[in-house]
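The values are calculated or read from the model by the stated rules, or taken from the named source; none is laboratory data. As the structure is a computational prediction, the values presented were derived from the model and not from experiment. Note that we place each Cβ from the backbone using ideal geometry, even for glycine, and neighbour counts take in every protein chain shown. With ligands, DNA and RNA removed, areas are computed over all heavy atoms of the protein, side chains included. Shrake-Rupley method; radii C 1.70, N 1.55, O 1.52, S 1.80 Å.
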Amino acid sequence: MGLCVNMRSWRWRGSSGTSRGLIGAMLLGLSLAQNCPAGETQQNLTQPLYQGLAKIHNGVDFLTSFVQSFLYTVQPRPFPEDLFVKLFQVSGNVQSDQEFVKEILIYEVGFLVCVAIGVLYIVLMPIVGFLLACCRCCGNCGGKMYQKQTSSTHCLRRTLYLSVFAITIIIFAGNICMFRSNEALKTSVEKGPRELNHTISNIHTFLTAVPQQINDVVDESFRTIQEVTRNLDEIGPQMGAEIQKSFRGTFDPALQSIRRLNNESLSIKTQLDNLSSSLVQLQSSMDRVQANVTAVKTQINQTLSKPNCTGCDGLSEELQKLTIDTNISITSLHQFQSAVDEVIKADLKSKINEGEGYFLSIPQRVANESKDVVQNSKQLLSDIKRQIAQVSQDLHLPVLNNLSQTLTQVQSEINTFLPVVENSEFIRWSVCVAICCVILLVVVCNLLGLVVGPLGLSAKADPTSRSCMADCGGVFFMIGAGFSFLFSWLFMIAVLLLFLLGGNVYTLICQPWNNGQLLKFIDTPGAIPGLDIGQALGLKTTIGISDIYRDCLNNEPLWATLHLNEVVDLGDLLNVSKYTAQIQEEFGKTNITLSTIALLSPELKSQLGNMSANLENLNTASATQQMNNIISINLNTTADRLLQSSSVQHDEAVKKELENEAMKLKQIQADIETIIFPQVKNLNSSIESLKSNAKKVDGTVGEVLSSAGAAQDFLNTYTSQIVKTEGRRFLDCQMGYFTAFTDWANFTITQRVGRCGPLAGAVDSIVKVTFCSNIVESLNAFWFSLGWCLMFFIPSIIFSIKLAKYYRRMKYSDCYDDNLIIMNHIPRAQMKLT
């Protein structure tokens, strides 16, 4: 009954072509849902390594605000753009030159006033010093060695003392600033060339990195083309593998079921052979038993027929039980065995090998049928390679190479003049140190006078009898005043020169650079003849230095900074659609066909159906009943009746015969139990195993016919569609490499190549940090500190000379007592002598 149900279920599934078509369509959709592996496109360019630019701290930041405030007071006017325009456009006309000079003098009026003050200082200081020296030599202007004593003498001395002390401290503070600014200027000048070299190296690195980055983009295109070429060479394995994936959903289950049916057929063949052998063996044993029983039955009939056999008539019915049915058979076993033999002769293994061979040969078939299109596509890839290589030539900017060569020459010149700069800086530093030391000497003389004078002074001592220590204090004041007169006017010349240089550099370069006025002036059309970056690059748009600098501060790429889209049509250079369209056309002309395969021939299907039908007709019920009958045989009952009858016999011969015949029956029964019964059990086990495997075989046959039918329908219906779809998907995958590359290349060139932040950093490092923030500020701090000291030399000279009389030993005394002045009677002529 179970076999019949399975067969009906299989027949329904096998006859449902619609169901198999639906399953095939679902498997096709799943197989074509695979994603194309994306091409590995480089995402980031290798950025150049730049040397670090260390900011040099000038150490005079505390003076910067004072100096800048002073310079703003001297020159409050804005950046003179008009003057610089005229400077570049002035002609040889004398009148025009005179007007231009007049405008310059008007603009520099603040500096001219300061210069006038300085010149006045330079002129008057030595003259005053000379006159003072002459007057003192003549005994005038403080040259008299006489000090008038009044009630306010001590108070006046203390006032002068505090004034000199305060002025000396102020001069000393300015002198300290001189030392610090001189050392800061030395450090800036020493490290400036090295930082300048680093800056130039960074600019050179940037300029050489831009072409290299463009080459990297082009090299990436070559890598893409190589990847596509390699994929075209491997179209068989790649596309064939995808087709195999599409087939696996139906092909593998069909082959698996056929493989399982082959194994089960071989197994059931072995079981049928064992069953037949067991039947033959059991039948042979039963025939022997039947023969033995028949012979004993004949002997018993002869014995019972003897006249002297007592009570033997009642044993006739017992003899009828000695009949044994030896015919054991299974209905339709031979037909089923024949059907199985036919299936085995059909050689399912060869069908499996044929299917596997067809499946494995798909990649090679694809490769063989696509040779021509691969060759043509590789030729088109060479054309794409040549077109993309044009990007490197079109984006090659000669101005970058020229600038790079210029920077190399500048760097070489810097290295050449570096020893000269170092020697000159050493001389400058030495001269400035000498100036600082002279100023310090004046400070030291004043301090010694302030310390030594009070220590040797006695308030009640007569001016003519002051101690040597007090007199030395006064002498120190005079020495300090003498050094001040001697060197101050020379130092003022240095102040004026440095003031004009540093002050104008700050007001005309550093300050306009910081507030953007200098860049604005440079961008003024026609301000600097020949400076037109847009024209040099062949652009339609006018590009200003300030625009470039502002974009570079934001680290913008050169494509946007220099408006290279006006020079290079990047979209056209990276447009490879015409080549890819030709490749697609070539693939469209190619018809890759795969011959189908018959998994199950009609004859094999008939044989499988016949085997299933014989399985249905296979009936083992009668054989089971026959085996039960054999198991129920019991000859011992008849033997016991014979022995019972022999016990009442009077004739010893009859008695002996009955006993012998009973023993023979018992022996036959023993043989049945030891030989027949195990064979019956073995046969019964074989029948049960056959029944179990028959059910599996029936289910497998149904699965084979269903899965093979679905696979056959899938192959017949969708093979051509799958091949076309996989071919189109393979082509789209290869074209996706170019799409990904062109998108990446366009983004990289326009957004990544030549980010010019290092250029802005280099310019800031040169102008703002190295030059303005260090050298110019240190230089301005030095002349400001020196000028500070020189200006305070004037009150220092006045107060120190006046204070010196309160400590020096006088030649003439003047005593003060009760508001009366008693003086030595000295002739007036002598009082005038020093």
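Along the charge dipole of region 641-705, Cβ charges K/R +1 and D/E -1, which of T700, L658, V648 sits furthest on the positive end?
The one lying farthest along the dipole's positive direction is T700.
Work out, step by step, the length gained on full extension between F426 and R550: first 0.36 nm times the residue separation, then minus their alpha carbon distance; give nm to one decimal.
Working: separation 124, 0.36 × 124 = 44.64 nm, distance 3.83 nm.
Contour length minus the Cα-Cα distance gives 40.8 nm.
Picking from G192, F247, S221, whose Cα lies most toward the positive end of the charge dipole for region 189-264 (charges on Cβ: Lys, Arg +1; Asp, Glu -1)?
F247
Whole number in Å², please: accessible area per residue of region 677-746, 1.4 Å probe, ligands, DNA and RNA not counted. The partial results should precede the final answer.
On the way: 2650 Å² over 70 residues.
Counting only protein heavy atoms, the per-residue value for region 677-746 is 38 Å².
Would you work out what percent of the accessible area of region 606-738, with all protein chains in place, is carbon or sulfur (probe 1.4 Å)? Walk me through the numbers before you get to the answer.
Working: 2770 of 5710 Å².
Of all accessible area on region 606-738, carbon and sulfur atoms account for 48 percent.
Estimate the FRET efficiency between Q51 and D219 by the formula 1/(1 + (r/R0)^6), using the beta-carbon distance for r and 25 Å for R0, to the nearest 0.05. Don't skip to the end; give the middle numbers.
On the way: r = 26 Å, r/R0 = 1.05.
Taking R0 as 25 Å, the efficiency between Q51 and D219 is 0.40.
Between rounded, prolate and oblate, where does region 553-606 land on the alpha carbon gyration tensor, with a ≥ b ≥ c its root eigenvalues, rounded for a/c under 1.5, else prolate if a/b exceeds b/c? Show your work: numbers first, answer last.
On the way: a/c = 15.01, a/b = 3.66, b/c = 4.10.
Oblate is the answer for region 553-606, as a/c is 1.5 or above yet b/c matches or exceeds a/b.
Filter K269/K681; K245/K378; K297/K664; K351/K695; K86/K520 down to the pairs with a C-alpha to C-alpha distance above 18 Å, please. Write down the numbers at each step before the final one.
Working: K269/K681 20 Å; K245/K378 27 Å; K297/K664 10 Å; K351/K695 23 Å; K86/K520 16 Å.
Beyond 18 Å: K269/K681; K245/K378; K351/K695.
Tell me, what ³J(HN,Hα) does each residue in region 113-123 have, in order and in whole Hz, if you take phi through Karplus 6.51 cos²θ - 1.76 cosθ + 1.60 with θ = phi - 60° and put x for Gly and Pro?
4, 4, 5, 4, 4, x, 5, 4, 4, 4, 6
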